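Enquirer: Pasting in a structure now, in structure tokens, and then I'll have a few things to ask.
Quick note: the coordinates plus some simple rules give every number you see, no bench work behind them. Since we're looking at a predicted model, the values are computed, not measured. Note that each Cβ is placed from the backbone with ideal geometry, even for glycine, and that neighbours are counted across all protein chains shown.
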Amino acid sequence: MITLPQKRTADVEAREALLDQAFGGTRDRKTSQRLRDGRLPAEGLSLIAADGRRVIGTARLWNVARGTGQPALLLGPVAVAPDCRNRGAALVRRALRDARRLGHGAVVLVGDAPYYSRFGVAAEKAGALKLPGPFERHRLLALELIP
Ligand SMILES: CC(C)(COP(=O)(O)OP(=O)(O)OC[C@H]1O[C@@H](n2cnc3c(N)ncnc32)[C@H](O)[C@@H]1OP(=O)(O)O)[C@@H](O)C(=O)NCCC(=O)NCCS
């Protein structure tokens, strides 16, 4: 698996197709998408996993801020091609490692705790955080990169 910092248009199209396949055509209606609208991912934190030239996975982190202005990163969407499973964890670990290396202090995400708990992500760490729209409290998860 490699990451391609300089993505070609074809890679971006392949990533979007992968996300449509993983989450369906209504993925843009998710509340977490409201935090990404009109923004670019955080510098150096838009990861594509490739097998040769084929895009097989994607993970991105976005700069967000709490109401108090405290910065964090939003992780997502994360997806791996159905025929390339068992590579997602490496992609998520790489994204979190890069975020830590770049000095970011915390990550939040909306996802399945049974999956993300292996990365140290937990609902308790999200405390009383809210999102700008409907969300399931048990799926709002967080991780401290800097304790
Ligand atoms: C979620 C996803 C990125 C995981 O990547 P992957 O390459 O399939 O899986 P990984 O190598 O990271 O981990 C595999 C393990 O995670 C488990 N797992 C995968 N998705 C899970 C989920 N949503 N909840 C709980 N466990 C999950 C698998 O059963 C497997 O368990 P095992 O190790 O006990 O066999 C991938 O399945 C995917 O793209 N899913 C569709 C998009 C999606 O739902 N993304 C967000 C997840 S909230």
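Enquirer: Please report 73, 35 as a ranked list, fewest other C-beta atoms within 10 angstrom at the top and most at the bottom.
Expert: Sorted ascending by nearby Cβ count, the order is 35, 73.
Enquirer: Another one. Write down, largest first, the equivalent ellipsoid semi-axes of the range 9-144 in whole Å, where each equals the square root of 5 times an eigenvalue of the alpha-carbon gyration tensor.
Expert: In descending order the semi-axes read 23, 16, 15 Å.
Enquirer: Taking θ as phi - 60°, what are the ³J(HN,Hα) couplings along the range 108-113 by the Karplus curve (6.51, -1.76, 1.60), each to the nearest whole Hz, with x for Gly and Pro?
Expert: 10, 7, 10, x, 7, 4
Enquirer: Round to the nearest 0.05 the FRET efficiency obtained for residue 70 and residue 118 when R0 = 30 Å and r is the Cβ-Cβ distance.
Expert: 0.70
Enquirer: Also, quick follow-up: How high is the FRET efficiency between residue 93 and residue 130 when r is their beta carbon distance and R₀ equals 22 Å, given to the nearest 0.05?
Expert: 0.20
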